[in-house]
Amino acid sequence: MALDADVVPGTLLVEHLGLDDQVFELSLTPNRGDCLSILGVAREVAVLTGSPMRQRQSTRVKAAHPETLGIHLEAPEQCARFAGRIIRDVDMHARTPDWMREKLRRAGLRPINPVVDITNYVMLETGQPMHAYDLEKLDGDITVRMARKGERLKLLDGNSIRLRQDNLVIADRGKAVGLAGIMGGDNTAISDTTRHIFFEAAFFSPQHIIGKARRLGMHTDASHRFERGVDPTGQVAAVELATALLLEISGGRAGKPCHAVDRRALPKSANILLERGEIKRILGIGIPAARVSRILQSLGMQVKPHKAGWQVKAPAWRFDIAGQHDLVEEVGRCYGFDKVEPRIPAAMPRSGASPETEVTQNMVRRTLTERGYHEAINYSFVDPEFQKQLLDAPAGIRLSNPLADNMSEMRQSLLPGLLLNMQRNLNRQESRVRLFEMGNVFLKAGRKYEEEDRLALVATGPAHPRDWSGAVRGVDFFDIKGDLEALLSLAGLDGNVHFCLLYTSDAADEGVE
């Protein structure tokens, strides 16, 4: 095994490689893009445990030469900040040190060369994706712009794509050199012969990046982070850190930092009024005011006292904080949901019909499962031909990037999915099938789209499970009528509804399924 040249013989390999370690695998919800880094996870651990966080000191690398590249932001709404730096005389044959190789390996990344390894390391530590260009392959200044009609770009993975005009690209004077927020171009890729590089770190709007990689059938570490939002204030610090690491590992001479920003286009953190009463109303418990303020401040928020509660400004890296309900959630989870004691809610007896909103989905589910049904959960995408034949309806809402040809249209009814579920069960000799589904359907209303909540049931086979009596009766209209009356009785409406049965020309004598 090749190790660092300065390793002292006799050193325990476990100590040298730091193998006496704990590796955590974290599953994040899409709203917590700020935790896609060691720094983000450290912030969370510090808050939840009350431990102080040790953060890397900011790095400032002194310029060894005055060379810079001009940076022009032609699409500030899509890219509001772009930072970079020229580094000359880099030794591409230097070896990435073992400590960095091991950290990359344990994070699931393969060491490649010092430049690529450093960009990956900075991304893992700070959450800021970076890219390195071969400076000698760049033609003039850097421009961040929208792609031109018919423009093509060969990416680092070897795929050549035709760019759309809604694609944001990084370009030099004559060509596109990278697909912003997704992947760099092959025409400026670094190689073993590279001597001079240009480091880049940018802030790309999540609203612009989202869906662009998937449209191309791609998913990269960079797009995964930019879609969820990266800290719009961390680009310069990321370039400085990458520069310091590269000079330490591969040598070289750093130029002056390059930085362009349109502050008007940077995302603005919301100023939110958190009312004292909202915490108790939502969580059901009161939390001391000093504790609330301390929790919010430990999360990096600016907190000012207000006569109604607290005026709170979320940090730049928290894209998921939009209203006081989000702040209550943050306070609750940090305080501990286990401290919310269960309490039996007060109930007032009432007769007669109930408002529809008081009949919850869980009540409907419980009623149907008690009557022998199983809940089905299907995709909202269906086969357009099957939907047309079944519903005799006009074309529905087509998807621009379907998962498959038979899942290319939004459903207008829950029946296509349920009937396919029933067919699958019958094909496997499951003769008695009871299924229901609760979900949305998607309809066209002129040029607008409408979304409606629906409930659908299907039933076939024997009316009752087989028992000792041996008597078998097929399900009929009156069985379904009884199931519907049980649902309507939840709102007290079972006595005010009339049922009718419509037979088709080929309806069986024993009932309609």
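The values are calculated or read from the model by the stated rules, or taken from the named source; none is laboratory data. Everything numeric here is computed off the predicted structure, so don't read it as measured data. Positions of Cβ are backbone-derived with ideal geometry, glycine not excepted, and every protein chain shown enters the neighbour counts. Side chains are part of the model used for accessible areas, which takes the heavy atoms of the whole protein and leaves out ligands, DNA and RNA. Shrake-Rupley method; radii C 1.70, N 1.55, O 1.52, S 1.80 Å.
Looking only at region 95-120, count how many residues are out of contact with any helix residue (DSSP H, G or I) (no Cβ under 8 Å at 6 or more places or on another chain), open to solvent by 30 Å² or more (accessible area, probe 1.4 Å), touching a residue at least 24 places away in the same chain (Cβ under 8 Å) and farther than 14 Å from Asp221 by Cβ.
2
Listed residues Ile321, Ile279, Ile344, Ile295; which is more than 26 Å from the chain's Cα centre (by Cα) and in contact (Cβ under 8 Å) with a residue 40 or more places away in the chain?
Just a single option satisfies the conditions, and that option is Ile279.
Considering each of Met92, Met123 in turn, give the residue that is surrounded by 15 or more Cβ atoms within 10 Å (Cβ to Cβ) and within 28 Å of the chain's Cα centre (by Cα).
Details: Met92 fails: within 28 Å of the chain's Cα centre (by Cα).
Among Met92, Met123, only Met123 is surrounded by 15 or more Cβ atoms within 10 Å (Cβ to Cβ) and within 28 Å of the chain's Cα centre (by Cα).
For Ala83, state whether it is modelled with pLDDT of 90 or more and assigned to a loop (DSSP other than H, G, I, E, B).
No; evaluated as a whole, the condition is false for this residue.
Answer yes or no as to whether Gln78 is touching a Leu at 6+ places or on another chain (Cβ under 9 Å), open to solvent by 30 Å² or more (accessible area, probe 1.4 Å), within 18 Å of Phe203 (Cα to Cα) and not aromatic (Phe, Trp, Tyr).
Here the answer is yes, as Gln78 does meet what is asked.
What are the residues in region 375-392 that are within 26 Å of the chain's Cα centre (by Cα), open to solvent by less than 70 Å² (accessible area, probe 1.4 Å) and not aromatic (Phe, Trp, Tyr), if any?
Across region 375-392, the qualifying residues are Ala376, Asn378, Ser380, Val382.
Identify the residue in region 452-482 that is among the charged types (D, E, K, R) and within 39 Å of the chain's Cα centre (by Cα) and, among all such residues, is least open to solvent (accessible area, probe 1.4 Å).
For region 452-482, the residue satisfying everything is Glu452.
Name every residue in region 361-373 that is open to solvent by 60 Å² or more (accessible area, probe 1.4 Å) and either of a type in the set (Gly, Ala, Ser) or more than 30 Å from the chain's Cα centre (by Cα) (or both), in order of residue number.
Result: Arg366, Thr369, Glu370, Arg371.
Go through region 89-126 and give me each residue that's part of a loop (DSSP other than H, G, I, E, B) and of a type in the set (Val, Ile, Thr).
Result: Val90, Thr96, Ile112.
I'm checking my understanding of the structure. Among residues of region 1-59 that are open to solvent by less than 80 Å² (accessible area, probe 1.4 Å) and basic (Lys, Arg), which one is nearest to Glu102 (Cα to Cα)?
Arg43
Cβ-Cβ distance below 7 Å, separation of 6 or more or different chains: which pairs start in region 461-477 with a residue that is among the acidic types (Asp, Glu) and end on one that is surrounded by 15 or more Cβ atoms within 10 Å (Cβ to Cβ)?
Asp476/Gly511
Could you check region 2-32 and list, in sequence order, the residues that are free of Cβ contacts under 8 Å to residues at least 40 places away in the same chain and outside any loop (DSSP other than H, G, I, E, B)?
Leu13, Val14, Glu15 - these are the residues of region 2-32 that are free of Cβ contacts under 8 Å to residues at least 40 places away in the same chain and outside any loop (DSSP other than H, G, I, E, B).
Restricting to region 130-183, name every residue that is in contact with a Pro (Cβ under 9 Å, 6 or more places away or on another chain) and surrounded by fewer than 19 Cβ atoms within 10 Å (Cβ to Cβ).
As a first pass, look at region 130-183 and keep what is in contact with a Pro (Cβ under 9 Å, 6 or more places away or on another chain): 144, 181.
Result: no residue meets the conditions.
So which residues in region 393-447 are touching a residue at least 40 places away in the same chain (Cβ under 8 Å), open to solvent by less than 60 Å² (accessible area, probe 1.4 Å) and of a type in the set (D, E, K, R)?
Scanning region 393-447 gives Arg434, Glu437.
In region 363-413, which residues are assigned to a loop (DSSP other than H, G, I, E, B), out of contact with any strand residue (DSSP E or B) (no Cβ under 7 Å at 6 or more places or on another chain) and of a type in the set (Phe, Trp, Tyr)?
Tyr379
In region 220-260, what residues are without any contact (Cβ under 8 Å) to a residue 60 or more places away in the chain and within 12 Å of the chain's Cα centre (by Cα)?
Ser223
Within region 207-234, work out how many residues are surrounded by 20 or more Cβ atoms within 10 Å (Cβ to Cβ) and touching an Asp or Glu at 6+ places or on another chain (Cβ under 9 Å).
So the answer is 8.
Among Phe204, Phe198, which is touching a Cys at 6+ places or on another chain (Cβ under 6 Å) and open to solvent by less than 10 Å² (accessible area, probe 1.4 Å)?
Phe204
Failed condition for Leu73, given (1) out of contact with any Cys (no Cβ under 9 Å at 6 or more places or on another chain); (2) on the phi < 0 side of the Ramachandran plot; (3) not small (Gly, Ala, Ser), with all others met?
That leaves (1) as the condition not met.
Of the conditions (1) open to solvent by 60 Å² or more (accessible area, probe 1.4 Å); (2) at pLDDT 80 or above, Glu510 satisfies every one except a single condition; which number is it?
(2)
Would you mind stating whether Pro129 is under 28 Å from Phe319 (Cα atoms) and either part of a helix (DSSP H, G or I) or in contact with a helix residue (DSSP H, G or I) (Cβ under 9 Å, 6 or more places away or on another chain) (or both)?
When the stated conditions are applied, Pro129 passes them.
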